[in-house]
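Student: Sharing a structure, written as C-alpha coordinates. Questions coming.
The values are calculated or read from the model by the stated rules, or taken from the named source; none is laboratory data. Since we're looking at a predicted model, the values are computed, not measured. Cβ sites come from the backbone with ideal geometry, for glycine too, and all protein chains shown count toward neighbours.
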Amino acid sequence: MAEYKVAVIPGDGVGLEVIDEGRKALEAVAGVTDGLSFQFTEFPWGSEFYRETGKLMPDDGIETLKGFDTILFGAVGDPNIPDHITLHGLLLPMRRSFDQGVCIRPAYLYPGVESPLSGKKAGDIDMVIFRENTEGEYAPVGGRLYAGTAHETVVQTNMFTRRGTERIIRAAFEYCVRRNKGNKVTSVTKSNAQSFGMVFWDEVFADVAADFPQIETESLLVDRAAMDFVRWPEDFDVVVASNLFADILSDIAAVVTGSMGLAPSANINPEREYPSLFEPVHGAAFDIMGKGIANPLATVSAVAMMLDHLGEQEAAERVDRAVARCLEQRTVLTADLGGTATTAEMGYEAARLIREG
(Lines give C-alpha, C1' and ligand atoms only; values in the text may rest on other atoms or scores of the structure.)
Protein backbone atom coordinates (compact mmCIF):
# COMPACT_ATOMS: atom_id res chain seq x y z
CA MET A 1 0.00 0.00 0.00
CA ALA A 2 1.59 3.28 -1.14
CA GLU A 3 0.22 6.19 0.86
CA TYR A 4 1.82 9.55 0.16
CA LYS A 5 1.70 12.55 2.45
CA VAL A 6 0.93 15.60 0.30
CA ALA A 7 1.38 19.15 1.56
CA VAL A 8 -1.15 21.35 -0.22
CA ILE A 9 -0.44 25.10 -0.40
CA PRO A 10 -3.09 26.90 -2.49
CA GLY A 11 -1.40 30.26 -1.90
CA ASP A 12 -2.89 33.23 -3.73
CA GLY A 13 -4.98 34.33 -6.69
CA VAL A 14 -6.17 31.56 -8.98
CA GLY A 15 -4.00 29.15 -7.01
CA LEU A 16 -6.88 29.00 -4.56
CA GLU A 17 -9.13 27.82 -7.39
CA VAL A 18 -6.98 25.43 -9.42
CA ILE A 19 -5.44 23.60 -6.48
CA ASP A 20 -8.79 21.99 -5.64
CA GLU A 21 -8.86 20.48 -9.12
CA GLY A 22 -5.38 19.07 -8.60
CA ARG A 23 -6.62 17.35 -5.47
CA LYS A 24 -9.60 15.98 -7.38
CA ALA A 25 -7.23 14.51 -9.95
CA LEU A 26 -5.15 12.81 -7.25
CA GLU A 27 -8.27 11.46 -5.55
CA ALA A 28 -9.64 10.23 -8.88
CA VAL A 29 -6.49 8.35 -9.85
CA ALA A 30 -6.17 6.89 -6.35
CA GLY A 31 -9.73 5.61 -6.64
CA VAL A 32 -8.89 3.52 -9.71
CA THR A 33 -5.33 2.46 -8.80
CA ASP A 34 -4.85 -0.46 -6.45
CA GLY A 35 -2.73 0.35 -3.43
CA LEU A 36 -2.45 4.08 -4.09
CA SER A 37 -3.70 6.67 -1.62
CA PHE A 38 -2.95 10.21 -0.49
CA GLN A 39 -3.06 11.98 2.83
CA PHE A 40 -3.57 15.71 2.30
CA THR A 41 -2.61 18.48 4.70
CA GLU A 42 -3.49 22.01 3.59
CA PHE A 43 -1.57 25.07 4.73
CA PRO A 44 -3.12 28.58 4.55
CA TRP A 45 0.14 30.32 3.72
CA GLY A 46 0.40 33.24 1.32
CA SER A 47 -0.62 36.86 1.13
CA GLU A 48 -3.57 36.67 3.54
CA PHE A 49 -1.28 34.97 6.05
CA TYR A 50 1.20 37.81 5.46
CA ARG A 51 -1.43 40.46 6.19
CA GLU A 52 -2.23 38.73 9.46
CA THR A 53 1.28 37.86 10.61
CA GLY A 54 3.80 39.86 8.57
CA LYS A 55 5.17 36.61 7.09
CA LEU A 56 4.25 34.50 4.06
CA MET A 57 4.80 31.31 6.06
CA PRO A 58 5.50 30.65 9.74
CA ASP A 59 9.06 30.43 11.05
CA ASP A 60 8.81 26.64 11.28
CA GLY A 61 7.19 26.28 7.85
CA ILE A 62 10.17 24.69 6.13
CA GLU A 63 10.74 22.30 9.01
CA THR A 64 7.06 21.32 8.91
CA LEU A 65 7.19 20.55 5.19
CA LYS A 66 10.18 18.25 5.57
CA GLY A 67 7.85 15.56 6.85
CA PHE A 68 5.92 15.33 3.57
CA ASP A 69 6.56 13.20 0.51
CA THR A 70 5.62 15.96 -1.94
CA ILE A 71 4.18 19.48 -2.21
CA LEU A 72 1.29 20.64 -4.42
CA PHE A 73 1.48 24.41 -4.80
CA GLY A 74 -0.93 26.89 -6.38
CA ALA A 75 0.56 30.35 -6.78
CA VAL A 76 1.87 33.30 -4.81
CA GLY A 77 1.32 37.00 -5.41
CA ASP A 78 -1.01 39.83 -4.50
CA PRO A 79 -1.87 43.10 -6.28
CA ASN A 80 -1.25 45.03 -3.06
CA ILE A 81 2.00 43.40 -1.93
CA PRO A 82 5.24 43.85 -3.92
CA ASP A 83 6.16 40.72 -5.85
CA HIS A 84 9.68 40.59 -4.41
CA ILE A 85 8.13 40.18 -0.96
CA THR A 86 5.66 37.44 -1.90
CA LEU A 87 8.02 35.43 -4.11
CA HIS A 88 10.95 35.60 -1.70
CA GLY A 89 8.67 34.93 1.25
CA LEU A 90 7.17 31.62 0.16
CA LEU A 91 8.10 29.92 -3.11
CA LEU A 92 11.81 30.69 -3.38
CA PRO A 93 12.56 29.66 0.23
CA MET A 94 11.00 26.26 -0.48
CA ARG A 95 13.01 25.81 -3.68
CA ARG A 96 16.26 26.71 -1.94
CA SER A 97 15.69 25.02 1.42
CA PHE A 98 14.72 21.77 -0.30
CA ASP A 99 17.49 22.08 -2.90
CA GLN A 100 14.98 21.83 -5.74
CA GLY A 101 17.65 22.69 -8.29
CA VAL A 102 15.98 21.05 -11.30
CA CYS A 103 12.87 22.71 -12.67
CA ILE A 104 11.17 20.87 -15.55
CA ARG A 105 8.65 22.67 -17.75
CA PRO A 106 7.20 20.74 -20.72
CA ALA A 107 5.40 22.50 -23.58
CA TYR A 108 3.33 20.43 -26.00
CA LEU A 109 0.78 21.40 -28.65
CA TYR A 110 -2.11 19.02 -27.96
CA PRO A 111 -4.67 17.79 -30.47
CA GLY A 112 -7.70 20.05 -30.15
CA VAL A 113 -5.65 23.09 -29.14
CA GLU A 114 -4.89 25.87 -31.59
CA SER A 115 -1.51 27.57 -31.50
CA PRO A 116 -1.44 31.33 -32.12
CA LEU A 117 1.30 30.52 -34.64
CA SER A 118 0.02 29.91 -38.15
CA GLY A 119 0.32 26.43 -39.60
CA LYS A 120 1.32 24.54 -36.44
CA LYS A 121 -0.36 21.16 -36.05
CA ALA A 122 -0.74 18.96 -32.97
CA GLY A 123 2.64 17.59 -31.96
CA ASP A 124 4.62 20.08 -34.04
CA ILE A 125 5.67 21.82 -30.83
CA ASP A 126 7.02 19.36 -28.28
CA MET A 127 9.79 20.66 -26.06
CA VAL A 128 10.88 20.35 -22.44
CA ILE A 129 12.66 23.22 -20.72
CA PHE A 130 15.11 22.55 -17.90
CA ARG A 131 15.50 25.57 -15.64
CA GLU A 132 18.23 25.97 -13.04
CA ASN A 133 16.09 26.66 -10.03
CA THR A 134 18.08 27.76 -6.98
CA GLU A 135 20.81 30.19 -8.01
CA GLY A 136 21.79 32.20 -11.11
CA GLU A 137 19.99 35.51 -11.53
CA TYR A 138 17.56 34.76 -8.69
CA ALA A 139 20.24 34.34 -6.04
CA PRO A 140 19.57 36.81 -3.18
CA VAL A 141 23.08 38.28 -3.38
CA GLY A 142 23.45 42.05 -3.42
CA GLY A 143 22.32 45.11 -1.56
CA ARG A 144 21.74 48.86 -1.45
CA LEU A 145 24.15 51.53 -0.33
CA TYR A 146 23.31 55.17 0.44
CA ALA A 147 19.59 54.43 0.11
CA GLY A 148 17.42 57.45 -0.53
CA THR A 149 20.29 59.73 -1.51
CA ALA A 150 21.62 60.99 -4.83
CA HIS A 151 24.44 58.45 -4.43
CA GLU A 152 22.14 55.46 -3.98
CA THR A 153 23.93 52.37 -5.28
CA VAL A 154 22.38 48.98 -5.97
CA VAL A 155 24.23 45.71 -6.59
CA GLN A 156 22.46 42.57 -7.82
CA THR A 157 24.82 39.64 -8.32
CA ASN A 158 24.21 36.52 -10.38
CA MET A 159 25.65 33.39 -8.80
CA PHE A 160 26.62 30.25 -10.70
CA THR A 161 28.19 27.27 -8.93
CA ARG A 162 29.74 24.32 -10.70
CA ARG A 163 27.50 21.99 -8.71
CA GLY A 164 24.29 23.79 -9.64
CA THR A 165 25.22 24.42 -13.25
CA GLU A 166 26.45 20.92 -13.96
CA ARG A 167 23.48 19.37 -12.16
CA ILE A 168 20.86 21.08 -14.33
CA ILE A 169 22.76 20.54 -17.58
CA ARG A 170 23.39 16.87 -16.83
CA ALA A 171 19.73 16.42 -15.87
CA ALA A 172 18.74 17.84 -19.27
CA PHE A 173 21.00 15.43 -21.15
CA GLU A 174 19.87 12.43 -19.11
CA TYR A 175 16.24 13.34 -19.74
CA CYS A 176 16.93 13.73 -23.46
CA VAL A 177 18.31 10.20 -23.54
CA ARG A 178 15.20 8.81 -21.80
CA ARG A 179 12.85 10.91 -23.92
CA ASN A 180 14.43 9.60 -27.14
CA LYS A 181 12.58 11.95 -29.50
CA GLY A 182 14.49 14.77 -31.14
CA ASN A 183 17.72 13.83 -29.34
CA LYS A 184 18.94 17.41 -29.14
CA VAL A 185 19.81 19.62 -26.17
CA THR A 186 19.88 23.38 -26.66
CA SER A 187 21.71 25.57 -24.16
CA VAL A 188 20.62 29.20 -23.86
CA THR A 189 22.93 31.90 -22.47
CA LYS A 190 24.04 35.48 -23.09
CA SER A 191 27.76 34.84 -23.04
CA ASN A 192 28.59 37.55 -25.56
CA ALA A 193 27.64 40.16 -22.93
CA GLN A 194 27.97 38.32 -19.61
CA SER A 195 31.56 37.20 -19.83
CA PHE A 196 31.86 35.48 -16.45
CA GLY A 197 28.72 33.58 -15.44
CA MET A 198 27.47 32.79 -18.93
CA VAL A 199 30.88 31.89 -20.33
CA PHE A 200 31.27 29.56 -17.35
CA TRP A 201 27.87 28.03 -18.21
CA ASP A 202 29.03 27.46 -21.81
CA GLU A 203 32.18 25.72 -20.56
CA VAL A 204 30.23 23.39 -18.26
CA PHE A 205 27.76 22.64 -21.06
CA ALA A 206 30.61 21.57 -23.32
CA ASP A 207 32.10 19.40 -20.58
CA VAL A 208 28.82 17.59 -19.92
CA ALA A 209 28.00 17.26 -23.63
CA ALA A 210 31.21 15.30 -24.09
CA ASP A 211 29.66 12.52 -21.96
CA PHE A 212 26.69 12.26 -24.37
CA PRO A 213 28.17 12.01 -27.87
CA GLN A 214 24.91 10.55 -29.23
CA ILE A 215 23.03 13.77 -28.43
CA GLU A 216 23.06 16.72 -30.84
CA THR A 217 23.82 20.04 -29.15
CA GLU A 218 23.49 23.71 -29.91
CA SER A 219 24.09 26.91 -27.95
CA LEU A 220 21.96 29.98 -28.57
CA LEU A 221 21.99 33.50 -27.20
CA VAL A 222 18.76 34.19 -25.35
CA ASP A 223 17.57 36.82 -27.82
CA ARG A 224 17.99 34.37 -30.70
CA ALA A 225 16.26 31.65 -28.68
CA ALA A 226 13.30 33.94 -27.93
CA MET A 227 12.88 34.62 -31.66
CA ASP A 228 13.19 30.97 -32.59
CA PHE A 229 10.65 29.88 -29.96
CA VAL A 230 8.15 31.92 -31.98
CA ARG A 231 9.24 31.32 -35.57
CA TRP A 232 10.62 27.75 -35.39
CA PRO A 233 9.45 26.15 -32.12
CA GLU A 234 9.39 22.71 -33.77
CA ASP A 235 13.21 22.83 -33.89
CA PHE A 236 13.51 22.43 -30.12
CA ASP A 237 13.62 19.21 -28.11
CA VAL A 238 15.21 19.68 -24.68
CA VAL A 239 16.27 23.19 -23.68
CA VAL A 240 18.45 24.05 -20.67
CA ALA A 241 18.98 27.55 -19.34
CA SER A 242 19.61 29.61 -16.26
CA ASN A 243 16.97 30.59 -13.73
CA LEU A 244 15.94 33.83 -15.44
CA PHE A 245 16.26 32.85 -19.08
CA ALA A 246 14.38 29.55 -18.68
CA ASP A 247 11.65 31.30 -16.71
CA ILE A 248 11.03 33.73 -19.56
CA LEU A 249 11.38 31.17 -22.34
CA SER A 250 8.98 28.73 -20.66
CA ASP A 251 6.29 31.44 -20.69
CA ILE A 252 6.83 31.92 -24.42
CA ALA A 253 6.63 28.15 -24.90
CA ALA A 254 3.36 28.02 -22.97
CA VAL A 255 1.78 30.73 -25.09
CA VAL A 256 2.79 29.24 -28.45
CA THR A 257 1.31 25.89 -27.37
CA GLY A 258 -2.08 27.48 -26.79
CA SER A 259 -2.42 28.71 -23.23
CA MET A 260 -0.57 29.50 -20.02
CA GLY A 261 -3.30 27.36 -18.46
CA LEU A 262 -1.73 24.21 -19.93
CA ALA A 263 1.82 24.67 -18.60
CA PRO A 264 2.87 22.54 -15.61
CA SER A 265 6.09 22.72 -13.65
CA ALA A 266 8.09 20.35 -11.44
CA ASN A 267 10.63 21.62 -8.93
CA ILE A 268 12.77 18.59 -8.24
CA ASN A 269 15.23 17.71 -5.50
CA PRO A 270 17.24 15.16 -7.53
CA GLU A 271 18.79 13.52 -4.49
CA ARG A 272 15.31 12.97 -2.97
CA GLU A 273 16.51 14.13 0.41
CA TYR A 274 13.65 16.63 0.58
CA PRO A 275 10.16 16.89 -0.91
CA SER A 276 9.82 18.15 -4.47
CA LEU A 277 7.19 20.72 -5.43
CA PHE A 278 4.70 20.70 -8.30
CA GLU A 279 2.78 23.71 -9.58
CA PRO A 280 1.20 25.39 -12.61
CA VAL A 281 3.38 27.96 -14.37
CA HIS A 282 0.68 30.62 -14.71
CA GLY A 283 1.06 32.23 -11.29
CA ALA A 284 -1.60 34.15 -9.40
CA ALA A 285 -3.20 35.67 -12.56
CA PHE A 286 -4.64 38.74 -10.86
CA ASP A 287 -6.73 39.66 -13.90
CA ILE A 288 -8.98 36.60 -13.59
CA MET A 289 -8.69 35.61 -9.92
CA GLY A 290 -12.00 35.09 -8.20
CA LYS A 291 -13.90 34.68 -11.46
CA GLY A 292 -13.82 30.87 -11.46
CA ILE A 293 -12.59 30.66 -15.05
CA ALA A 294 -8.91 29.72 -14.60
CA ASN A 295 -7.82 26.68 -16.56
CA PRO A 296 -6.95 23.90 -14.05
CA LEU A 297 -5.26 21.57 -16.55
CA ALA A 298 -1.78 22.95 -15.84
CA THR A 299 -2.29 21.86 -12.23
CA VAL A 300 -3.66 18.47 -13.31
CA SER A 301 -0.62 17.98 -15.56
CA ALA A 302 1.61 19.00 -12.64
CA VAL A 303 -0.09 16.22 -10.67
CA ALA A 304 0.95 13.78 -13.41
CA MET A 305 4.55 14.99 -13.06
CA MET A 306 4.27 14.49 -9.30
CA LEU A 307 3.06 10.93 -9.75
CA ASP A 308 5.89 10.19 -12.16
CA HIS A 309 8.44 11.55 -9.69
CA LEU A 310 6.93 9.38 -6.92
CA GLY A 311 7.44 6.31 -9.11
CA GLU A 312 3.74 5.88 -9.92
CA GLN A 313 4.22 5.80 -13.70
CA GLU A 314 0.96 4.02 -14.54
CA ALA A 315 -1.05 6.56 -12.56
CA ALA A 316 0.90 9.42 -14.14
CA GLU A 317 0.17 8.15 -17.64
CA ARG A 318 -3.51 7.81 -16.78
CA VAL A 319 -3.68 11.47 -15.73
CA ASP A 320 -1.76 12.59 -18.84
CA ARG A 321 -4.16 10.66 -21.07
CA ALA A 322 -7.13 12.31 -19.37
CA VAL A 323 -5.71 15.78 -20.02
CA ALA A 324 -5.12 14.92 -23.68
CA ARG A 325 -8.65 13.50 -24.09
CA CYS A 326 -10.20 16.52 -22.41
CA LEU A 327 -8.47 18.82 -24.89
CA GLU A 328 -9.13 16.68 -27.95
CA GLN A 329 -12.83 16.14 -27.21
CA ARG A 330 -13.38 19.88 -26.56
CA THR A 331 -16.69 19.35 -24.77
CA VAL A 332 -15.69 21.04 -21.50
CA LEU A 333 -13.18 23.88 -21.88
CA THR A 334 -12.41 27.12 -20.06
CA ALA A 335 -12.43 30.51 -21.77
CA ASP A 336 -8.71 30.55 -22.60
CA LEU A 337 -9.35 27.61 -24.94
CA GLY A 338 -12.54 28.97 -26.45
CA GLY A 339 -15.02 27.36 -24.05
CA THR A 340 -17.42 28.53 -21.36
CA ALA A 341 -16.70 26.06 -18.54
CA THR A 342 -15.78 27.09 -15.04
CA THR A 343 -12.60 25.99 -13.33
CA ALA A 344 -14.55 23.45 -11.28
CA GLU A 345 -16.42 22.07 -14.29
CA MET A 346 -13.20 21.47 -16.19
CA GLY A 347 -11.65 19.90 -13.10
CA TYR A 348 -14.60 17.55 -12.76
CA GLU A 349 -14.29 16.60 -16.43
CA ALA A 350 -10.59 15.81 -16.02
CA ALA A 351 -11.34 13.72 -12.93
CA ARG A 352 -14.11 11.88 -14.78
CA LEU A 353 -11.77 11.03 -17.63
CA ILE A 354 -9.13 9.86 -15.17
CA ARG A 355 -11.61 7.45 -13.60
CA GLU A 356 -12.88 6.34 -17.01
CA GLY A 357 -9.34 5.63 -18.18
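Student: Every residue in region 134-156 that is outside any loop (DSSP other than H, G, I, E, B) and in contact (Cβ under 8 Å) with a residue 60 or more places away in the chain, please.
Tutor: The one that is outside any loop (DSSP other than H, G, I, E, B) and in contact (Cβ under 8 Å) with a residue 60 or more places away in the chain: Gly136.
Student: If you take the residues of region 256-296 that are acidic (Asp, Glu), surrounded by fewer than 24 Cβ atoms within 10 Å (Cβ to Cβ) and touching a residue at least 12 places away in the same chain (Cβ under 8 Å), which of them is nearest to Arg167 (Cα to Cα)?
Tutor: Within region 256-296, the match that is nearest to Arg167 (Cα to Cα) is Glu271.
Student: Quick one: in region 13-56, which of the residues that are β-branched (Val, Ile, Thr) and over 24 Å from the mean Cα position of the chain (by Cα) is surrounded by the most Cβ atoms within 10 Å (Cβ to Cβ)?
Tutor: Here the residue is Thr33.
Student: If only one of Glu135, Glu152 is at pLDDT 95 or above, surrounded by fewer than 17 Cβ atoms within 10 Å (Cβ to Cβ) and not assigned by TED's automatic domain parsing to the domain that holds Leu91, which one is it?
Tutor: That would be Glu152, the only listed residue that is at pLDDT 95 or above, surrounded by fewer than 17 Cβ atoms within 10 Å (Cβ to Cβ) and not assigned by TED's automatic domain parsing to the domain that holds Leu91.
Student: Looking at (1) more than 24 Å from Ala122 (Cα to Cα); (2) surrounded by 18 or more Cβ atoms within 10 Å (Cβ to Cβ), which one does Thr299 not meet, given that it meets all the others?
Tutor: Here Thr299 meets the rest and fails (1).
Student: Tell me the residue from Leu333, Leu327 that is in a helix (DSSP H, G or I) and either over 22 Å from Gly31 (Cβ atoms) or not small (Gly, Ala, Ser) (or both), please.
Tutor: None of the others qualify; the one that does is Leu327.
Student: Using beta carbons and a limit of 8 Å, which pairs, at least six apart or on different chains, have the first residue in region 200-212 and assigned by TED's automatic domain parsing to the domain that holds Ala172 and the second one hydroxyl-bearing (Ser, Thr, Tyr) and assigned to a helix (DSSP H, G or I)?
Tutor: Within 8 Å, the pairs are Phe200/Thr165; Trp201/Thr165; Val204/Thr165.
Student: Out of everything in region 93-112 that is over 16 Å from Ile169 (Cα atoms) and among the small types (Gly, Ala, Ser), what residue ends up being surrounded by the most Cβ atoms within 10 Å (Cβ to Cβ)?
Tutor: Ala107
Condition check ((1) aromatic (Phe, Trp, Tyr); (2) farther than 13 Å from Ala107 by Cα; (3) out of contact with any Ser or Thr (no Cβ under 6 Å at 6 or more places or on another chain)) across all residues:
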{"site": "Glu218", "(1), (2), (3)": "no, yes, no"}
{"site": "Val238", "(1), (2), (3)": "no, no, yes"}
{"site": "Pro275", "(1), (2), (3)": "no, yes, no"}
{"site": "Glu279", "(1), (2), (3)": "no, yes, no"}
{"site": "Ile288", "(1), (2), (3)": "no, yes, yes"}
{"site": "Ser301", "(1), (2), (3)": "no, no, yes"}
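Student: Taking region 118-133, which residues are part of a loop (DSSP other than H, G, I, E, B) and within 18 Å of the chain's Cα centre (by Cα)?
Tutor: Once the filter is applied, which keeps residues that are part of a loop (DSSP other than H, G, I, E, B) and within 18 Å of the chain's Cα centre (by Cα), region 118-133 yields Ile125, Asn133.
Student: Further, regarding this structure: Determine, yes or no, whether Met260 is in contact with a Gly (Cβ under 7 Å, 6 or more places away or on another chain) and within 25 Å of Leu333 (Cα to Cα).
Tutor: So Met260 fails the test.
Student: Restricting attention to region 110-124, which residues are in contact (Cβ under 8 Å) with a residue 12 or more places away in the chain and either among the hydroxyl-bearing types (Ser, Thr, Tyr) or in contact with an Asp or Glu (Cβ under 6 Å, 6 or more places away or on another chain) (or both)?
Tutor: Tyr110, Pro111, Gly112, Ser115, Asp124, listed by residue number.
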